[in-house]
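Here's the structure, in structure tokens; my notes come after.
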Amino acid sequence: MKPAGRKRDRKEKDASAGIPDSSVADFSLANVEVVEDGATERRKRGRPRKNLIIDAQNTGTVHSKEGAIREPPTSELENGAADRALGSPTRTVTRVVEDSSGELLRLAAANVGEAKKENVIKVVPSMDAVVKVFCVHTEPNFSLPWQRKRQYSSSSSGFIISGRRVLTNAHSVEHHTQVKLKKRGSDTKYLATVLAIGTECDIALLTVNDDEFWDGVSPVEFGSLPVLQDAVTVVGYPIGGDTISVTSGVVSRMEILSYVHGATELLGLQIDAAINSGNSGGPAFNDKGQCVGIAFQSLKHEDVENIGYVIPTPVIMHFIKDYEKSGEYTGFPILGVEWQKMENPDLRKAMGMTPNQKGVRVRRVEPTAPASQFLKPSDIILSFDGIDIANDGTVPFRHGERIGFSYLVSQKYTGESAAVKVLRESKIVEFNVEVATHKRLVPAHIKGKPPSYYIIAGFVFSAISVPYLRSEYGKDYDYDAPVKLLDKLLHSMAQTEDEQLVVVSQVLVSDINIGYEDIVNTQVLAFNNKPIKNLKHLAEMVENYDGEFLQFDLEYQQIVVLETKTARAATLDILKTHCIPSAMSEDLRT
């Protein structure tokens, strides 16, 4: 049955959806067609229906089919959904203009049911800037640190930005031995150079030396931080095919997220568009065709569906500017304190806070952080850079939104200073505190370097890191690793810049180490009663020692005693037996 609607005259029909002719003067009009939304209003009687069917690849090819009954994709062509939800009859007229570069501009107008016109311009982003990333990885072997694992290949997504550069995820090119890029519609793979890898923010910057790669491609432009319910379109090369894929959704949450790859917490967007393996590094566009984020991880759990995460533009721009300022990636700084909420009124009163004062209590200060020179335990941080901190540790973000105050710190660059207002013994003091990158006792990454090791008498000594624990105990290392190591991982702080957690990784069995074979991943505390600082310090002490016995004090009150001469002689035989090129890694020899 034909719905009610008023008859258009010729003048209104030819108004081109309210867009003046001058606005499309630069485009070829040969490919212009008018599509009417058949879901809201049928054409006049006696006219054959014409539909435009945009192909799945969004290449700009427009297929015309007379008399078709098939509806156009609602996500692409319907712009009156909000009005229809309110029950008002609408007619959406969409004009598709194909320019010489193949980009599609959709110019939509307007609500006839309410007798008014609204000009809405939706730009479908150019897909030509999205590239497929091919990487060959060769990961370190932490069990046998003198060699690497078997190489493997992966594919992911990336996109071209200004300055002849390409952005992708850090985990897409981690431990790379070769990286290649392929443009959409091309059969050529171009060798790429990795300029910088940001482990904390999971972003990598690439470039290609071949000029041919950059021909005919316009770089992606960045948009501002979206708001909740803003539409986003994720573009990339996910698993399930070789061609480009487009998924749509909305921004459903915005907060400080845990970045799995970087083991850090930064601003992130949660979206309900599908993000699958291979989507990593692909751009997320808004409805203006601007990039508002990079797809980087999704939530895999039996109780959730369609929860994906996007690195937003503030984090991306921080990474890019950081690289441009120093020529390398220096990281996201931290204040270097652990804090406690001050929501309990008795606690606030005991700390000398007035009813109108709000803030968080300092629990501990990192000894290696610049803040250790100014802040003390039980200080109450009232504000950071002039922005007041609430009792729950949040600060105003945007209208109706709050966010953790660590977001303010992450907006700084390494070496910059911030004004920190503190309540100490009921008196307000203010410090100018420098922010710096985090020095972890157990590093979250080894940043592409081969793992360090030292061998004496079959005892393989290594430095603990998160990749080491993951290699030894799997993805559930935070449950399966020894309790002592987990306690150091979660709660211990480095006392000096060069402090490391050194363990006996394994014992390569020989006659000299009989009875010690079962020692695995046990921390070394001292050598000949001298505390060790790091792996290099241990190696130097052992190599320079000329006493009769070597004694290693281990965790759990264990000791290992070896005769010095016999141990050094046995080391050479053990290296030969296991085809080990050297008793220590190269970084310890320099």
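Summary of values
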{"read-out": "Cα shape, the stretch 510-562, gyration tensor, a/c 1.5 rule", "value": "oblate"}
{"read-out": "Charge tally in the Cβ shell below 15 Å around Met254, where Lys, Arg are +1 and Asp, Glu are -1, Met254 excluded", "value": "-2"}
{"read-out": "Residue-by-residue Karplus 3J(HN,Hα) for the stretch 140-156, coefficients 6.51, -1.76, 1.60, Hz, glycine and proline x", "value": "x, 9, 6, 6, 10, x, 7, 9, 10, 6, 5, 6, 9, 10, 8, 10, 8"}
{"read-out": "Sulfur and carbon atoms: percent of accessible area, the stretch 505-556 [1.4 Å]", "value": "47 percent"}
{"read-out": "Inverse mean reciprocal Cα-Cα distance (Kirkwood Rh) of the stretch 358-413, Å", "value": "12.1 Å"}
{"read-out": "5 angstrom amide H check on Tyr329, placed H, neighbours 5+ away", "value": "Ile197"}
{"read-out": "Calculated from backbone phi, Karplus (6.51, -1.76, 1.60) coupling profile of the stretch 509-523 in Hz, x at Gly/Pro", "value": "5, 8, 4, 6, 10, 4, x, 10, 4, 8, 6, 9, 6, 10, 5"}
{"read-out": "Per-residue SASA entry for Asp215, accessible area with 1.4 Å probe, Å² rounded to 10", "value": "100 Å²"}
{"read-out": "Amide hydrogen neighbours beyond the local backbone of Thr264, cut-off 5 Å, H modeled", "value": "Tyr259"}
{"read-out": "Cα-based shape type of the stretch 293-414, given that a ≥ b ≥ c are square roots of the gyration tensor eigenvalues and the cut on a/c is 1.5", "value": "oblate"}
{"read-out": "Extension reserve of the Val429-Glu416 stretch, reckoned as 0.36 nm per residue once the Cα distance is removed", "value": "2.7 nm"}
{"read-out": "Surface per residue (accessible, 1.4 Å probe) for the stretch 452-508, Å²", "value": "42 Å²"}
{"read-out": "Protection proxy ranking of 396-405, 522-531 - average other beta-carbon atoms within 10 Å, highest first", "value": "522-531, 396-405"}
{"read-out": "Rounded accessible area of Phe285 (nearest 10 Å², 1.4 Å probe)", "value": "0 Å²"}
{"read-out": "Peptides ranked, highest mean first, by Cβ atoms within 10 Å: ranges 254-261, 412-419", "value": "254-261, 412-419"}
{"read-out": "Under 5 Å, built H, 5+ apart or other chain: amide partners of Leu225", "value": "none"}
{"read-out": "Percent accessible area from carbon and sulfur atoms, the stretch 163-277, protein chains only, probe 1.4 Å", "value": "45 percent"}
{"read-out": "Using θ = phi - 60° and Karplus 6.51 cos²θ - 1.76 cosθ + 1.60, couplings along the stretch 426-434 (whole Hz; Gly, Pro as x)", "value": "6, 10, 8, 10, 10, 10, 9, 9, 7"}
{"read-out": "Prolate/oblate/rounded call for the stretch 311-351, Cα gyration tensor, a/c under 1.5 rounded", "value": "prolate"}
{"read-out": "Carbon + sulfur, % of accessible area of the stretch 362-474 - ligands and nucleic acids excluded, 1.4 Å", "value": "49 percent"}
{"read-out": "Sum of side-chain charges, Lys341 neighbourhood, beta-carbon under 11 Å (Lys, Arg +1; Asp, Glu -1)", "value": "+2"}
{"read-out": "Links that overshoot a 30 Å alpha carbon limit, given the list Lys325/Lys427; Lys349/Lys421; Lys449/Lys475; Lys149/Lys439; Lys475/Lys576", "value": "Lys325/Lys427; Lys475/Lys576"}
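The values are calculated or read from the model by the stated rules, or taken from the named source; none is laboratory data. As the structure is a prediction and not an experimental result, all values here were calculated from the model. Heads up, the Cβs are rebuilt from the backbone with ideal geometry, glycines too, and the neighbour counts pull from every protein chain shown. Protein only, heavy atoms only, side chains kept; ligands, DNA and RNA dropped before computing areas. Shrake-Rupley method; radii C 1.70, N 1.55, O 1.52, S 1.80 Å.
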